[in-house]
């Protein structure tokens, strides 16, 4: 298994590794999801792949695992030792068609990006430690290895508001701006399309 990114988390004084979701890392990813009730009640990080209405957690788990086998889902997983503590999902628009605020997104769309950054998750006990920023760095490294291109994200702007975690599943604006993304257009009162071009590795 190749380690693609190495980051130092000053909050917990430990070295965190970022690895791609693969058949080898699936058990650690699944353990994190299972420890958190399937994530958002059984999403299994499938909500940007398909419409979730009417689907069971078991269906989502099975399809996510199959997509890992097929190479049609991509997550940058943050590891603390042998445990997966968070992730950032990315992929091509054809694999992740279900963007949030889709009507407003499509209204202002001029061309599709090469890649989308769609969702983040951090496990209990590791929140507030910059895991999302580390995961995003890993996702961008993986995208560079896949050839790079235009990358879009859809983060929530907190504006110093107290925001429920469910609204931050597309990532905090601060993480994207830290990695050089530029605001392109708003698609909800507090959510933006942000873009950055990643050079090939």
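Here are some notes:
- Normalised contact order of the chain, rounded percent, pairs of Cα under 8 Å and 6 or more residues apart: 19 percent
- Proxy reagent accessibility, fewest Cβ within 10 Å first, across 146, 154: 146, 154
- Judged by the gyration tensor of its Cα atoms, with axes a ≥ b ≥ c, the chain is rounded; a/c sits under the 1.5 cut.
- Remark: 112, 52 ranked as 112, 52, counting other beta-carbon atoms within 10 Å and listing the fewest first.
- By the count of neighbouring beta-carbon atoms within 10 Å, fewest first, 34, 157, 65 end up ordered 34, 65, 157.
Only the coordinates and a few stated rules stand behind these numbers; no lab work does. Because the structure is a prediction, the values reported are computed rather than measured. Note that each Cβ is placed from the backbone with ideal geometry, even for glycine, and that neighbours are counted across all protein chains shown.
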